[in-house]
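For reference, the structure discussed in these notes is given below.
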Amino acid sequence: MALIKLIQKRGLTWVFIAFAGFLITAGTLSCSNTNNVLPVGANTQFQIVNLSPDLRPINLYVRFVKRNVAYSYPTPSGYFGMTSIDTPLQIRSALASVSTANLISIDTILKANTKYTLFVTGLRADSSITGIFTVDTGSNTPGRGKVRFVNASPGAVGLDVKANGTAAFANQEYKKVSKFIEMAPGSYDFVITPTGAPANILRTLQKVSIQDGKLYTIYAHGIAGRRDSAAFNAGVLINR
């Protein structure tokens, strides 16, 4: 009888250990799945701006799964919702005739209730394709809008930007993202010139409306001196 009771106790012990191991494994899998899938109502948004003149259309892969959309030069995709906040985020050519190797890979974990933009720039011809990754969420002082500047123009060592004749951004280097600056609501002409050459106007964005509580990104792209589709240009994104 003592032996039977001992066996029963040991049996219960092993059952308990096995059950505890199952709970731990299930919990681990559950946490892993939670990290990979965007929580309900998280509202994470992403957009891609293909600014490489010779790269042609590109695809976005999220956790190695391709989104069934191709992003072409130089049109911004606009924000789209993300179903996963896990990494990596990868950019590959959308053309079957081009290598499927990753052109850009991002390992930054995305956050809930946040907007992001990936500017793809550089040239395929000299293997200089690169990405400029920005976080597009911020706060505003009441009665003000906010503007920042991204230099995505290959070969543009430094750029200056004036807003209605007043210096707004100075010596902005290639691939750099400025801080947001506050501006009073109104209509602005943004004039972009090479640093140190204020008479050489590369591009003027006319009558850009800056509104109270909004966030904006001005970006430069293309190549100064070109007269074809790769010519220097600029655009404005409304981040909020």
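The values are calculated or read from the model by the stated rules, or taken from the named source; none is laboratory data. In this text the structure is predicted, and so the values were computed from the model without any measurement. Positions of Cβ are backbone-derived with ideal geometry, glycine not excepted, and every protein chain shown enters the neighbour counts.
See the values below:
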| quantity | calculated |
| --- | --- |
| Residues (in a loop (DSSP other than H, G, I, E, B) and at pLDDT 95 or above) located in the range 73-90 | Tyr73, Pro74, Thr75, Ser77, Gly78, Tyr79 |
| Selection from the range 129-144 of residues that are more than 21 Å from the chain's Cα centre (by Cα) and either loosely packed, with under 13 Cβ neighbours inside 10 Å or not in a loop (DSSP other than H, G, I, E, B) (or both) | Thr141, Pro142, Gly143 |
| Single condition Ala70 does not satisfy, out of (1) farther than 30 Å from Gly155 by Cβ; (2) surrounded by 10 or more Cβ atoms within 10 Å (Cβ to Cβ); (3) modelled with pLDDT of 50 or more | (1) |
| Pairs where the first residue, in the range 220-238, is touching a residue at least 24 places away in the same chain (Cβ under 8 Å) and over 18 Å from Thr117 (Cα atoms) and the second is surrounded by 13 or more Cβ atoms within 10 Å (Cβ to Cβ) and of a type in the set (Val, Ile, Thr), C-beta under 9 Å, 6+ apart | Ala230/Ile223; Phe232/Ile192; Phe232/Ile223 |
| Selected residue (only one of Arg203, Arg226 is at pLDDT below 95 and surrounded by 12 or more Cβ atoms within 10 Å (Cβ to Cβ)) | Arg226 |
| Residue match in the range 20-43 (condition: polar (S, T, N, Q), closer than 20 Å to Thr134 by Cβ, modelled with pLDDT of 60 or more and under 14 Å from the mean Cα position of the chain (by Cα)) | no |
| Any hit, the range 145-166, residues being touching a His at 6+ places or on another chain (Cβ under 6 Å) and at pLDDT 95 or above | yes |
| Residue ID - surrounded by the most Cβ atoms within 10 Å (Cβ to Cβ), chosen from residues in the range 145-175 that are among the basic types (Lys, Arg) and closer than 29 Å to Ser229 by Cβ | Arg148 |
| Close pairs (6 angstrom Cβ cut-off, 6 or more residues apart or separate chains): of a type in the set (Ser, Thr, Tyr) in the range 104-128, modelled with pLDDT under 95 anywhere | Ser105/Pro88; Thr114/Thr44; Thr114/Thr137 |
| Single residue of the range 105-128 satisfying the filter (surrounded by fewer than 19 Cβ atoms within 10 Å (Cβ to Cβ) and among the hydrophobic types (A, V, I, L, M, F, W, C)) that is farthest from Leu89 (Cα to Cα) | Ala125 |
| Any hit, the range 120-128, residues being touching a Leu at 6+ places or on another chain (Cβ under 8 Å) and at pLDDT below 95 | yes |
| Options Val161, Val120; residue that is assigned to a strand (DSSP E or B), of a type in the set (A, V, I, L, M) and outside the structural domain of Tyr73 (by TED's automatic domain parsing) | Val161 |
